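Written below as structure tokens is the structure these notes are about.
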Amino acid sequence: MPLGGGNKCGCCQKTVYFAEEVQCEGRSFHRSCFLCMVCRKNLDSTTVAVHENEIYCKACYGKKYGPKGYGYGAGAGTLSMDKGESLGIKHVEHGTGVVSDVQSAARGWNLQL
């Protein structure tokens, strides 16, 4: 421990005194500085995930560094605001309902909607 107090905070570089110290990966933090770098949630030893010198909550770590692709939260079973514009689907709003070109395309294939 250096002279003049405690260790330096890994986030704000100010002195961390014993009563407010949280240690992670050999570094000291103030409780108020021990936050996820993305969502800014308070962390503790059960919710922290470390990547190099950055600290994240487990949810943000998984989104940033976890596996990608079908079955990992980015496939067909997840909520998406995509309306299909990249597939050529054009949505036109008329009053209370939404009409799309999918119905006219389905008629061309003799499908019943």
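The values are calculated or read from the model by the stated rules, or taken from the named source; none is laboratory data. All figures in this text were calculated on a predicted structure; none of them were measured in a lab. Using ideal geometry, Cβ is built from the backbone for each residue, glycine included, and neighbour counts are taken over all protein chains shown. Quick note on the areas: whole protein, heavy atoms, side chains included, nothing else; ligands and nucleic acids left out. Shrake-Rupley method; radii C 1.70, N 1.55, O 1.52, S 1.80 Å.
Using a 1.4 angstrom probe on heavy atoms only, work out the carbon and sulfur share of the accessible area of segment 4-56 in %. Exposed carbon and sulfur together represent 49 percent of the surface.
The residues neighbouring residue 23, those whose beta-carbon lies less than 12 Å from its own, together hold a net charge of -2 under the Lys/Arg +1, Asp/Glu -1 convention. For the pair residue 50 and residue 65, the difference between a 0.36 nm per residue extended length and the Cα-Cα distance amounts to 4.3 nm. Compared with the direct C-alpha span, the chain from residue 25 to residue 13 gains 2.7 nm at full extension, assuming 0.36 nm per residue.
Loop-resident trypsin sites (Lys or Arg not before Pro) (DSSP state other than H, G, I, E or B) in segment 15-64 with no more than 15 further Cβ atoms inside 10 Å of their Cβ: 31, 40, 41.
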